[in-house]
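Worksheet: the structure to be examined is printed underneath.
Just so it is clear, none of the values below were taken in a lab; they were calculated from the coordinates. Keep in mind it's a predicted model, so treat the numbers as computed, not measured. Using ideal geometry, Cβ is built from the backbone for each residue, glycine included, and neighbour counts are taken over all protein chains shown.
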Amino acid sequence: MPDRGDIARQVMATGTVNPQLTIIVGSYVSGPITEIRCDYNTMVKAGQVCATIDARPYQTIVDQDNADLFVAMAQLRKDQANVTYTQLSYQRNLRLKDTDAVSQDTVDVARNLVDQAAAQVGVDQATIEQRKAALSAARINLDYTNIKSPVDGVVVSRNVTQGQTVAASFQTPTLFLIATDLTRMQVDTNISESDIGGLKNGQAATFTVDAFPDRVLNGIVTQIRQSPQTVQNVVTFDAVVTIDNADLRLKPGMTASLNIVTDRQKNTLRVPSQALRFEPKASVPHPADGKFDHVWVEHDGTLRMVPVKAGISDESYTAIADGDLHAGDKVVVGQLTPVNASTSFRFFRF
């Protein structure tokens, strides 16, 4: 019977195990760290304080801005009283003008004082809004002295110690790295451009890590990124394989050796891949130039070249999609001695 079996085309690559989502926790304000509340592997909740920065300078600014707000509000009340006074004075001058007791110029001056007082009230109201905004910003900066986790997760890295001064003048410093869920991880890998054409979302992948070399783990291709990565004229594409880590045995940063199945054929006609590479060394006529796929079959002591159409291939076998191969044929896979009357070959029998 013809040899039939399963063939799977695989893409082999290496990658790094990473959490699916890692949050960088930094600081928007500068100052010395007064307390550390989270360490490596600490389980945290969203809003939980992980560290504190000396809040005294920021509390002082809040107090100052709060006092400035009270001053502005007091000034508003004073200028509102002045508006009332100037309006009364204007009305009194209008009545006196009716009896020619004051001149028109006096009335105009009184009216101008009313307008100035009303304008000053508008300035005071704007000043109050400015003071409120400054106080709000100061309170926000005060709150930033509490370094909080933005998500539920686990601390995978701590880059700060108690007493260390954090400088946030030019860029936000990284204080903690928090992984949201270590039970669902991913392998980030690079696929060569020669293999990327066969890769699709949803394909199965297996991998091993050095920490557990005898354990084969499973994953699914979930992302193939369009942006190429070029290093020394070698083009690769980033791919992501999602994996389950319910037992938490996989750690971030582990190196994974991946096998991604890009095509699979079951119970297909196949020959050893070396049969497609075999060529007699001498004395065997070639009916064609040999540039097409073919195998050599031994029949009655002679070799015959059989054109075939090769399909997918794994490390050992190649599928035969079409070709004049029959049950009982002996396909040559190697030559042990030079071709002559006593030539010896190695065969693969269907």
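If you look at the Cα atoms of the chain, you get an Rg and a Dmax of 41.3, 148 Å.
Among residues other than Ser313 whose Cβ falls under 14 Å from its Cβ, what is the net charge (Lys/Arg +1, Asp/Glu -1)?
Working: positive: Arg9, Arg264, Arg270, Arg277, Lys309; negative: Asp6, Asp195, Asp263, Asp293, Asp314, Glu315.
Overall, the nearby charge balance is -1.
Looking at the chain, identify the longest residue range that excludes and avoids all trypsin sites (Lys or Arg not before Pro) in DSSP loops having at most 16 other Cβ atoms within 10 Å.
Details: sites that count: Arg37, Lys45, Lys200, Arg249, Lys281, Lys291.
Between exposed loop sites, the widest span is 46-199.
Ordered by the count of other Cβ atoms within 10 Å of each Cβ, fewest first, Phe176, Phe292, Phe278 give Phe292, Phe278, Phe176. What distance in nm separates the simple spin-label points at Lys330 and Val234, each placed 7 Å from Cα in the Cβ direction? Inter-label distance under the simple model: 4.4 nm.
Taking 7 Å steps out from each Cα toward its Cβ at Thr106 and Glu315 produces label points 11.2 nm apart.
Take every Cα pair under 8 Å whose residues are at least 6 apart in sequence, average their separation, divide by the length of the chain, and the relative contact order is 25 percent. Each stretch of four or more DSSP H residues adds -39500 (n - 2.57); spread over every residue of the chain, this sum gives -9000 deg cm²/dmol at 222 nm.
Using Cβ point charges alone (K and R +1, D and E -1), the dipole size of the chain about the Cα centre works out to roughly 440 debye. Return the aspartates and glutamates within reach of Lys78: Cα separation strictly under 19 angstrom, same-chain partners fewer than 8 residues apart disregarded; answer none if there are no such residues. Leaving aside aspartates and glutamates fewer than 8 places away in the same chain, those within reach of Lys78 are Asp68, Asp115, Asp124, Glu129.
Calculate, for Asp300 and Ser257, the FRET efficiency according to 1/(1 + (r/R0)^6) with r their C-beta to C-beta distance and R0 51 Å; round to the nearest 0.05. Don't jump to the answer; show the numbers that get you there.
Working: r = 48 Å, r/R0 = 0.93.
Efficiency at R0 = 51 Å is approximately 0.60.
Centre-to-centre separation between the Cα atoms of the range 23-84 and those of the range 123-157: 6 Å. Extension gain for Arg92 to Lys200 (0.36 nm times residue separation, less C-alpha to C-alpha distance): 30.0 nm. Local charge for Asp210 was computed over the other residues whose Cβ lies under 14 Å away, with Lys and Arg +1 and Asp and Glu -1, and equals +2.
Computed as a quarter of the hull surface, the mean projected area of the alpha carbon convex hull for the range 35-148 stands at 9.1 nm². The angle between the Cα long axis of helix 104-143 and the longest principal axis of the Cα atoms of the chain comes to about 40 degrees, rounded to the nearest 10. Each label point was placed 7 Å from the Cα along the Cα-to-Cβ direction; for Ile24 and Met43 their separation is 2.8 nm. Given R0 = 30 Å, the distance between the Cβ atoms of Ala133 and Lys78 translates into a calculated FRET efficiency of 0.85.
Calculated FRET efficiency, Ala8 and Ala167, Cβ-Cβ r, R0 45 Å, to nearest 0.05? If you can, show how the numbers build up before the last one.
Numbers: r = 54 Å, r/R0 = 1.21.
Working from the Cβ atoms, E equals 0.25.
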